[in-house]
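Read-outs: derived from the displayed coordinates by stated rules, not from any lab. Note that the structure is predicted; figures quoted are calculated from it, not measured. Cβ: placed from backbone, ideal geometry, glycine included. Neighbour counts: every protein chain shown.
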Amino acid sequence: MTTTTATQTLETPETGTNDDLLRIGQVMTRMRLMTGRRVIGRLAIQKIAPGLELTHLDVLDAVRRGELNGEVTVGLIADTLRIDPSRASRIVAEMVAKNVLRRKASQTDARRIVVVITALGQRLVTELHALKQSIVESVVADWSAEEIEIFAKLFDRYVTGFEQLFARNVTDATERMD
């Protein structure tokens, strides 16, 4: 592969020269930097939930997504966020103290404790979703409906490709360890 920054071209045996592939990579870097800085999350905390931290938003989202598939435990939160279970437990405790989450006995096994979103937590989720939607709408405000539709489909396809690639790499790594 040959890359030249002066002309911004990218050559690969499969594609030859393709400025668009290089551009996608550069845009991904810009997006990663914005994501790494947690621009939307910081704005959400500032506007909606000044008492919360970025990790609280992550846990809230993990619980919301986890509830779609059943009960949520601290272990599931830890796995979802790829953090140590003791750290997940401390964050959940902070959120319980703020009345955003609550612990309760499992409906399927009373010996097990699950985490659920409180009414306040649900209100925050709704407001956070509305803020994110508002940000996306403002970014595409001058796009045509057709451009938005095409981008939505292609962006979903692009991210799905990354998810599948990651899943394959995890599966391959696991098989090599066996």
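Taking the alpha-carbon set of the range 52-125, what are its Rg and Dmax in Å?
For the range 52-125, the Cα-based Rg and Dmax read 11.1, 32 Å.
Distance in nm between label sites at Glu149 and Glu127, each 7 Å beyond Cα in the beta-carbon direction?
The two pseudo-label positions are separated by 3.6 nm.
What nm distance separates the two modelled labels at Ser89 and Asp19, each placed 7 Å from Cα along Cα→Cβ?
5.7 nm
What FRET efficiency comes out for Thr171 versus Arg42 if R0 is 30 angstrom and r is the Cβ-Cβ distance? Round to the nearest 0.05. Could you put the intermediate results ahead of the total?
On the way: r = 35 Å, r/R0 = 1.15.
The formula returns an efficiency of 0.30 here.
Where in the chain is the longest stretch that carries no trypsin sites (Lys or Arg not before Pro) classed as loop by DSSP and with at most 16 other Cβ atoms within 10 Å? Walk me through the numbers before you get to the answer.
Working: sites that count: Arg37, Arg38, Arg82, Lys98, Arg111, Arg112.
Counting at most 16 other Cβ atoms within 10 Å as exposed, the longest clean stretch of the chain is 113-178.
I need to check one value: relative contact order of the chain, counting alpha carbon pairs closer than 8 Å and at least 6 residues apart, in percent.
Numbers: 128 pairs, mean separation 22.3, N = 178.
Averaging sequence separation for qualifying contacts and normalising by length gives 13 percent for the chain.
Could you tell me which label, among (1) 123; (2) 191; (3) 155, carries the value of volume of the Cα convex hull per residue in Å³ calculated for this structure?
Answer label, from the structure shown: (2).
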